Amino acid sequence: MQPDSITIALRLPGLVVLGSKEWENRIEVVARYSNEEAVCPRCGRTTWQVHQWHGQRKRDARIWGKPVWLLLWKRRFRCRICRKVFTELDPACGRWRRTTRRLRQKVAHQANEASVRAVAHWHGVSESLVQRSWLEAWRRPVRWGPPIFVGMDGFCVRRPGQMWTGLWDLRERVPVAAVAGQRQRDAEGMLEGLPRPEKVQAVVMDLAEAYRQAVQMVLPQAAIVADKFHVIALGHQALREVRAGRRQRGSTAALMDRGAERLSHQERQRLAQALATDPRLATAWALKEQLRGVYRSQTYQEAAERLGSWLQAAKASGLPSFARAAGSLQRWREEVLNYWHFPLTNALVEGKHNRLKVLKRRAYGYRNDSTFLLRILNLVHTD
Ligand SMILES: [Zn+2]
């Protein structure tokens, strides 16, 4: 099939299109940089004397659904002053790269949602390029200092339940480290690998005894903060246990799970009717809301009082699931209240769960855990 000559807007900064052709299975674009001068890397002076042209083939992101090949004509300049010969910079691709930054960013982004193989196939690039682009996109810049506020939590990687522990810089909202396992030993090893462990002021965590002991061992100066969402989840879990086995219309269950302040007037009335016939359920719902209410406290003192009342009410409720939740929170009382010294939660880590999803999906592509561990450490290494 004959190629069509087409006009194409490349929209790559600094580049001008010299010509382009559309083929059945690809688009070819010829381009060069538009600047007429270059700065000599040796003496810093400007030159316009072109010593030589040479073409380089690069891959770019798809246009109109077709892969794009870029023939980039690059110049070698000769400095008029010191006579150095040098190749012009290539900001659209980066040094020594055979793909445009735009393509690598696109590939990295898509690799969050689809498998490495699918993305490689779609763009007609190698799987290793997809992996490298992905790592490039997520790499932690060196300029960041050691983490001061960190979040620590367990996550499941493989379906039978291989558990991992992750560590997150809560200010920069980036992963810092990950380790297979969630025993105290695993967590201690990970914390010991922190660049400046003595700088950590607070650690936000799930209510996991192994993590608490690991932090007390390795970071004795750090305050431990029980993650707000895990604390509130205890109330929801206890409520679900009370509800289990009761015949309920699905909509009532949904109303009970939602925060009271988010219910419309009519929804409140429906919920009140449902609860009126079932005092135990009404108590459970009220306790769930009361626990959420602890987090509306303005001061440490207020929070301590509200938590104290909740613990008493939960124990006196006659509901075993709430008595158990109260037992847990009694053991974590100090850490729960530390939230009023360090108002941090693990939910601050924006996109964290997306990344975990990605890690999980990618885990299936690896033959064993140690390869996967290397990938993750590569991804989240602390410089
Ligand atoms: Zn020079």
Checklist entry - If the Cβ limit is 7 Å and pairs must be 6+ apart or interchain, which residue in the stretch 27-53 that is more than 29 Å from Lys66 (Cα to Cα) pairs with which residue that is in a loop (DSSP other than H, G, I, E, B) and more than 16 Å from the ligand (Cβ to nearest atom)? => result Trp48/Glu36
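Just to check your reading of the model, which residue among Ala214, Ala274 is more than 30 Å from Pro195 (Cβ to Cβ), surrounded by 13 or more Cβ atoms within 10 Å (Cβ to Cβ) and touching a helix residue (DSSP H, G or I) at 6+ places or on another chain (Cβ under 9 Å)?
Working: Ala214 fails: more than 30 Å from Pro195 (Cβ to Cβ).
Being more than 30 Å from Pro195 (Cβ to Cβ), surrounded by 13 or more Cβ atoms within 10 Å (Cβ to Cβ) and touching a helix residue (DSSP H, G or I) at 6+ places or on another chain (Cβ under 9 Å) holds for just one of Ala214, Ala274, which is Ala274.
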Checklist entry - Restricting the search to the stretch 92-118, which residues are within 22 Å of the chain's Cα centre (by Cα) and modelled with pLDDT under 85? => result Ala108, His109, Gln110, Ala111, Asn112, Glu113, Ala114, Ser115, Val116, Arg117, Ala118
Checklist entry - So which residues in the stretch 116-138 are buried (at least 16 other Cβ atoms within 10 Å of the Cβ) and either of a type in the set (Ser, Thr, Tyr) or assigned to a loop (DSSP other than H, G, I, E, B) (or both)? => result Val125, Ser133
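Return the residues of the stretch 32-56 that are within 15 Å of the ligand (Cβ to nearest atom), surrounded by fewer than 17 Cβ atoms within 10 Å (Cβ to Cβ) and part of a strand (DSSP E or B); say none if nothing qualifies.
From the stretch 32-56, those within 15 Å of the ligand (Cβ to nearest atom) are 37-51; that's our starting set.
Narrowing further to those that are surrounded by fewer than 17 Cβ atoms within 10 Å (Cβ to Cβ): 37, 39, 41-46, 48-51.
Across the stretch 32-56, the qualifying residues are Val39, Thr46, Val50, His51.
Inspect all residues belonging to the stretch 275-298 and state whether any of them is outside any helix (DSSP H, G or I), closer than 27 Å to Ile224 by Cα and in contact (Cβ under 8 Å) with a residue 60 or more places away in the chain.
Start the filter on the stretch 275-298 by keeping residues that are outside any helix (DSSP H, G or I), which leaves 277-278, 295-298.
With closer than 27 Å to Ile224 by Cα added as a condition, the list becomes 295-298.
Those left that are additionally in contact (Cβ under 8 Å) with a residue 60 or more places away in the chain: 295.
Yes: one or more hits.
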Item to check | Hey, Leu207 within 14 Å of Gly151 (Cβ to Cβ), in contact with a Leu (Cβ under 8 Å, 6 or more places away or on another chain) and in contact (Cβ under 8 Å) with a residue 12 or more places away in the chain or not | outcome: yes
Next on the checklist: Would you confirm, using the coordinates I've provided, whether Glu335 is surrounded by fewer than 17 Cβ atoms within 10 Å (Cβ to Cβ), out of contact with any Ser or Thr (no Cβ under 6 Å at 6 or more places or on another chain) and in a helix (DSSP H, G or I)?
Outcome noted: no
Item to check | Test: residue in the stretch 172-186 that is within 23 Å of the chain's Cα centre (by Cα), in a helix (DSSP H, G or I) and at pLDDT 85 or above | outcome: yes
Item to check | So Thr299, is it under 34 Å from the mean Cα position of the chain (by Cα) and polar (S, T, N, Q) | outcome: yes
Checklist entry - Out of (1) of a type outside the set (Val, Ile, Thr); (2) over 23 Å from Glu136 (Cβ atoms); (3) in contact (Cβ under 8 Å) with a residue 40 or more places away in the chain; (4) within 16 Å of the ligand (Cβ to nearest atom), what's the single condition that is false for Leu89? => result (2)
Checklist outcome for this item: In the set Arg76, Arg59, the lone residue that is within 15 Å of the ligand (Cβ to nearest atom) and either within 20 Å of Gly94 (Cβ to Cβ) or in a strand (DSSP E or B) (or both) is Arg76
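Against the definition (surrounded by 13 or more Cβ atoms within 10 Å (Cβ to Cβ) and either away from the ligand (no atom under 16 Å from the Cβ) or hydroxyl-bearing (Ser, Thr, Tyr) (or both)), how does Leu103 come out, yes or no?
Working: surrounded by 13 or more Cβ atoms within 10 Å (Cβ to Cβ): yes; either away from the ligand (no atom under 16 Å from the Cβ) or hydroxyl-bearing (Ser, Thr, Tyr) (or both): yes.
In short, yes.
The values are calculated or read from the model by the stated rules, or taken from the named source; none is laboratory data. Worth saying up front: this structure is predicted, and the values here are computed from it rather than measured. Here Cβ is always computed from backbone atoms with ideal geometry, including for glycine, and neighbour counts include all displayed protein chains.
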